[in-house]
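Peer 1: Here it is, the structure in full.
The values are calculated or read from the model by the stated rules, or taken from the named source; none is laboratory data. Since we're looking at a predicted model, the values are computed, not measured. All Cβ positions, even for glycine, are placed from backbone atoms using ideal geometry, and neighbour counts span all protein chains on display.
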Amino acid sequence: MPLKPQVDEVCSRHAPGVLYVVATPIGNLSDITLRALDTLKAVDLIAAEDTRQTRKLLDRYQIRTRLISCHEHNEAARAGLILEKLKSGLSVALVSDAGTPCVSDPGYRVLKAAIAEGIHIVPIPGASAAVAALSVSGLASDAFLFVGFLSPRSSKRQARLRQLAGESATLVFYESPKRISDLMAEAKQILGDRDSVLAREMTKTHETFLRGRLSELIAETDRQQPIRGEITLLISGATEDAPVCADDLRGRILEELKSGNTGAAGLARELSKTLGVAKNTVYDMILAVRSEQNKVMESKKGENQNG
C-alpha cells in the first residue's frame, strides 16, 4: 500500500519496509511534530509500549493505524514479529508511552534486530524529558551525562553514584516518585550538597521545577509528600574546588586497600594529593577503615570458632 500523500518528502521517498523510531509527547499532546503525525498516519503498523496510552494520542489526531503492543515484557517475542512485517515490505512505527523510544524506554531489541537484518531505520525526533529539563535547569549544559534510571537496590545505586562522583558534566537521572527521596539522600551523601534541579510532570498541568542545593530539594520534597508524577533529577558536575565528601573518601580508601595499597602513610600522601584533602584527614580515615575491617574479621573468627 503506498504511503499517503500527507507524508513529508523524507518519508515519501522511502519504499515500505522502513522502521520509523517516532518520538511522542512527554505529557502535553500538542507537543507532537507534524512529521510524527504524518508518519503515524502513513505506516502500516504502530508498535507501542502501551496501546492504551498511544490510542489516546491517535484518537486526538484521528489516526486509525493498526496498533500492537511492544513493551519490556514481550519485546523479545515482538521483535521477531515486527521483523517479519518489515521484511515482508510493511512499514512500522515504533513508539513508547512518552518521549523517544530506546532512551530509557523499550525498543532496543527491536532496533538491534532490524539493524542486524539491514532494515532501513529512520528517526522521527521530538520530545525528550532529559533535554527539556536541562534546557531550563540553569545548570551547565555544554556537557551532560544522561544516566537514566539507577538500580532500585540501594547498594547498586550507591556504587553507581560513587563511579559518577568525579564526573564534571551535569548528571541527568530519571526516577520514580517512591524512590526519589532515597536517591537524593544518597546523592547528597556521596556527591556532596551540589546545585540540583528536580523537574516533575513537565509539560503537564502540575509541572513544577525545584532548584537549589540537594539539601534544599530534600527538605522541600519532604514537605510535599507524597511526591507524584514523572521525575527528572539534574545534579551539577564535580568541580576542581568541590570538597570531597567523607563517603567518597572512604570508598576510595576501601578500593586502594583491596588493591593491596596498605601503607597508611604513603596512601594518605597519595590520596591527599589526588583529592585535595588534608593528609591528616585521609590518614585518620584510613586508620578508622582498617579498625572497622579488623573488627569484622575478628567477629567472623569468633563465629567460626563457636560454630
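Peer 1: Those residues that are part of a loop (DSSP other than H, G, I, E, B), over 16 Å from the mean Cα position of the chain (by Cα) and either closer than 26 Å to T203 by Cβ or touching a residue at least 60 places away in the same chain (Cβ under 8 Å) (or both), I need them from the range 117-130; list them, please.
Peer 2: Answer for the range 117-130, where residues must be part of a loop (DSSP other than H, G, I, E, B), over 16 Å from the mean Cα position of the chain (by Cα) and either closer than 26 Å to T203 by Cβ or touching a residue at least 60 places away in the same chain (Cβ under 8 Å) (or both): I119, P125, G126.
Peer 1: Now for a different question. Restrict the check to the range 215-229 and report whether at least one residue is under 30 Å from P25 (Cβ atoms), buried (at least 17 other Cβ atoms within 10 Å of the Cβ), within 18 Å of the chain's Cα centre (by Cα) and not polar (S, T, N, Q).
Peer 2: no
Peer 1: Now for a separate question. Sort through L210, L217 and tell me the only one that's touching a helix residue (DSSP H, G or I) at 6+ places or on another chain (Cβ under 8 Å), at pLDDT 95 or above, farther than 17 Å from G166 by Cα and not in a strand (DSSP E or B).
Peer 2: L217
Peer 1: Would you check which residues across the range 99-116 are outside any helix (DSSP H, G or I), surrounded by 23 or more Cβ atoms within 10 Å (Cβ to Cβ) and touching an Asp or Glu at 6+ places or on another chain (Cβ under 9 Å) and list them? Explain how you work it out, then say what you get.
Peer 2: Step one: filter the range 99-116 for residues outside any helix (DSSP H, G or I), giving 99-107.
Remaining after also requiring surrounded by 23 or more Cβ atoms within 10 Å (Cβ to Cβ): 99-101, 106-107.
Residues satisfying the conditions are G99, P101, P106, G107.
Peer 1: Scan the range 241-263 residue by residue and report those that are outside any helix (DSSP H, G or I) and at pLDDT 80 or above.
Peer 2: The one that is outside any helix (DSSP H, G or I) and at pLDDT 80 or above: G263.
Peer 1: While we're here: Looking at (1) in a helix (DSSP H, G or I); (2) modelled with pLDDT of 95 or more, which is the only condition A93 fails?
Peer 2: That leaves (1) as the condition not met.
Peer 1: I82 - would you say it is loosely packed, with under 14 Cβ neighbours inside 10 Å and either among the β-branched types (V, I, T) or closer than 26 Å to E230 by Cβ (or both)?
Peer 2: Against the criterion (loosely packed, with under 14 Cβ neighbours inside 10 Å and either among the β-branched types (V, I, T) or closer than 26 Å to E230 by Cβ (or both)), I82 does not qualify.
Peer 1: Turning to a different aspect of this structure: Show the residue pairs that are 6+ apart or on different chains and have beta-carbon atoms under 9 Å apart, the first residue being within the range 131-158 and touching a residue at least 12 places away in the same chain (Cβ under 8 Å), the second being exposed (fewer than 13 other Cβ atoms within 10 Å of the Cβ) and part of a helix (DSSP H, G or I).
Peer 2: Listed pairs, sorted by first residue: S141/S135; L150/K156.
Peer 1: I'd like to check something: does the range 191-199 contain any residue that is buried (at least 21 other Cβ atoms within 10 Å of the Cβ), part of a loop (DSSP other than H, G, I, E, B) and of a type in the set (A, V, I, L, M)?
Peer 2: Checking the range 191-199: not a single residue is buried (at least 21 other Cβ atoms within 10 Å of the Cβ), part of a loop (DSSP other than H, G, I, E, B) and of a type in the set (A, V, I, L, M).
Peer 1: Can you pull out every residue in the range 220-240 that is of a type in the set (S, T, Y) and at pLDDT 90 or above?
Peer 2: Passing the criteria: T221, T232, S236.
Peer 1: While we're looking at this one, here's another question. Quick one: in the range 30-46, of everything that is under 9 Å from A93 (Cβ atoms) and of a type in the set (A, V, I, L, M), which residue is surrounded by the most Cβ atoms within 10 Å (Cβ to Cβ)?
Peer 2: Filtering first and then ranking leaves V43.
Peer 1: Hey, among the residues in the range 149-168 that are surrounded by 13 or more Cβ atoms within 10 Å (Cβ to Cβ) and small (G, A, S), which one's nearest to L191 (Cα to Cα)?
Peer 2: Filtering first and then ranking leaves A165.
Peer 1: Another question, then. Restricting to the range 135-148, and then to whatever is among the aliphatic types (A, V, I, L, M) and under 13 Å from the mean Cα position of the chain (by Cα), can you tell me which residue is surrounded by the most Cβ atoms within 10 Å (Cβ to Cβ)?
Peer 2: V147
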